[in-house]
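Please read the structure below before turning to the comments.
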Amino acid sequence: MRRREFIALVGRTAVAWPLAVRAQQPAMPVIGFLRSTSLADSTPFVTTIRQGLKEAGFVEGQNVAIELRFAEGRSDRLPELVAETL
């Protein structure tokens with residue numbers, strides 16, 4: 001009887017283990033990029049950031065998310081854009 005209980009326990013653990021591991025995986029990191037200029041003026045910076053992340057092993061949409069916000073020359077919009085991403 002103990003042998004059957006042991007086998008049942010091992011079987012339940014084997015089924016539950018992948019679920020527990022999957023549940024503990026951290027959320028995808030998010031990198032925020034905020035500029036007071038426009039996207040067109042910031043393109044070189046955005047390209048450089050994406051390239052650096054790629055070289056470090058981060059692929060946008062797979063293991064990192066990038067949130068881009070641009071104030072289009074209106075610095076008064078910066079607090080609003082920050083609040084939008086939180």
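The values are calculated or read from the model by the stated rules, or taken from the named source; none is laboratory data. Predicted, not measured: the structure shown is a model, and the values here were computed from it. Methodologically, a virtual Cβ is constructed for each residue, glycine included, from the backbone with ideal geometry; neighbour enumeration extends over all protein chains shown.
In table form, for the structure just shown:
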quantity: Selection count, segment 57-85, where residues are closer than 22 Å to residue 26 by Cβ and touching a strand residue (DSSP E or B) at 6+ places or on another chain (Cβ under 9 Å); calculated: 7
quantity: Any pair with Cβ under 6 angstrom, 6 or more apart, that starts in segment 17-42 at a residue that is within 16 Å of residue 82 (Cβ to Cβ) and among the aromatic types (Phe, Trp, Tyr) and ends at one that is surrounded by 10 or more Cβ atoms within 10 Å (Cβ to Cβ) and at pLDDT 90 or above; calculated: 33/68
quantity: Complete set of residues in segment 11-45 that are at pLDDT 90 or above and assigned to a helix (DSSP H, G or I); calculated: 39, 40, 41, 42, 43, 44, 45
quantity: Per-region count, segment 29-48, residues loosely packed, with under 12 Cβ neighbours inside 10 Å and within 20 Å of the chain's Cα centre (by Cα); calculated: 4
quantity: Test: residue in segment 74-85 that is assigned to a loop (DSSP other than H, G, I, E, B), basic (Lys, Arg) and at pLDDT 90 or above; calculated: yes
quantity: Contacts under 8 angstrom Cβ, first residue in segment 59-86 being surrounded by 11 or more Cβ atoms within 10 Å (Cβ to Cβ), partner among the β-branched types (Val, Ile, Thr) and assigned to a helix (DSSP H, G or I), 6 or more apart; calculated: 66/49; 67/85; 68/46; 69/82; 69/85
